[in-house]
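Take a look at the structure below.
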Amino acid sequence: TNGCYHSMFYNCNSLTTPPELSATTLSDSCYNSMFMGCTSLTKAPALPATSLAKSCYEYMFRVCTSLKQATELPATTLEDSCYKGMFYSCKKLTDAPALPATTLADSCYEYMFGGCKRLTESPKLPATTLANECYSYMFEVCTGLTTAPELPATTLAIGCYKYMFYNCTSLTQAPELPATTLDDSCYNGMFQGCTSLTTAPELQATTLASYCYGYMFNGCTNLNY
């Protein structure tokens with residue numbers, strides 16, 4: 001039922017092996033924050049569900065600072081905040097799981113890998129139908145990330161890329177941004193603090209929205225044009 005395992009092992013910092021989680025039908029917030037603060041957990045359990053629920057995995061492994069490998073995430077049908085902050089501050093995580101969904105939901109990937117400082121490659125993000133805040137803060141402070149994924153959407157949503165790569169100080173190449181239909185705060189702070197970025201993408205839209213480019217390249221000290 002809703003919230004059934006919410007915070008179940010919260011701050012169990014001696015837990016090294018998780019239980020099996022075989023459910024394929026989820027409920028709202030069912031695994032929310034389940035292993036948050038389990039600083040000795042090195043491996044995530046299998047998560048076979050292909051249809052998710054609101055906030056089902058939100059902050060599930062937040063601050064699991066020994067977690068090196070994420071589990072596969074096969075879902076193609078997302079819900080609001082389903083992966084929000086799922087691996088936030090997993091500082092030893094080196095590989096991100098594939099994210100095959102092509103239609104997103106509000107805040108679905110928000111903060112998902114925030115603070116994952118050893119993450120060097122991002123997963124592919126094939127979605128062309130976005131949602132409000134869908135990628136907001138997704139890779140903030142991923143200081144090992146060197147390249148960004150392709151972002152093929154041409155119609156954006158409110159805050160969809162907001163602070164997506166905030167303080168990714170090793171990011172040397174930005175993705176192409178083909179969108180011509182913008183929305184409020186869509187690119188707000190997207191590359192703020194990316195001090196290794198030397199080339200900016202073309203911004204092809206001719207009709208703008210409130211704060212669409214606000215702080216987009218703020219602090220990009222090596223961007224000289």
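The values are calculated or read from the model by the stated rules, or taken from the named source; none is laboratory data. Since this is a predicted model, take the numbers as computed values, not measurements. Positions of Cβ are generated from backbone atoms using ideal geometry, with glycine treated the same way; all protein chains shown enter the neighbour counts. Surface accessibility is based on the protein's heavy atoms, side chains included, excluding ligands, DNA and RNA. Shrake-Rupley method; radii C 1.70, N 1.55, O 1.52, S 1.80 Å.
For T146, indicate whether it is closer than 25 Å to R62 by Cα and open to solvent by 50 Å² or more (accessible area, probe 1.4 Å).
Judged against the criteria, T146 is a match.
Let's see how each residue does on (1) at pLDDT 95 or above; (2) within 23 Å of the chain's Cα centre (by Cα); (3) not aliphatic (A, V, I, L, M):
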| residue | (1), (2), (3) |
| --- | --- |
| C186 | yes, yes, yes |
| G189 | yes, yes, yes |
| G193 | yes, yes, yes |
| L197 | yes, yes, no |
| T207 | yes, no, yes |
| S210 | yes, no, yes |
| N218 | yes, yes, yes |
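Looking at this structure, is K91 closer than 20 Å to P18 by Cα and open to solvent by 60 Å² or more (accessible area, probe 1.4 Å)?
Yes: the conditions hold for K91.
Hey, among C4, C56, C64, C90, which residue is more than 19 Å from the chain's Cα centre (by Cα) and part of a loop (DSSP other than H, G, I, E, B)?
C4
Find all pairs meeting these conditions: Cβ atoms under 6 angstrom apart; at least six residues apart or on different chains; first residue within the range 15-29 and closer than 17 Å to S81 by Cα; second residue surrounded by fewer than 16 Cβ atoms within 10 Å (Cβ to Cβ) and among the hydroxyl-bearing types (S, T, Y).
Correct list of pairs: S27/T1.
Any residue in the range 102-120 that's part of a loop (DSSP other than H, G, I, E, B): show its pairings with residues that are basic (K, R) and crowded, with 24+ Cβ neighbours inside 10 Å at Cβ separation under 8 Å, as long as the two are six or more apart or on different chains.
Sorted first by the residue in the range 102-120, then by its partner, the pairs are S107/K84; C108/K84; Y109/K84; E110/K84; Y111/K84; M112/K84.
Taking the range 5-34 as the search range and keeping residues that are open to solvent by less than 50 Å² (accessible area, probe 1.4 Å) and touching a Lys or Arg at 6+ places or on another chain (Cβ under 8 Å), which one is nearest to S66 (Cα to Cα)?
P18
In the range 174-192, which residues are open to solvent by 10 Å² or more (accessible area, probe 1.4 Å), under 14 Å from Y215 (Cβ atoms) and among the small types (G, A, S)?
Passing the criteria: only S185.
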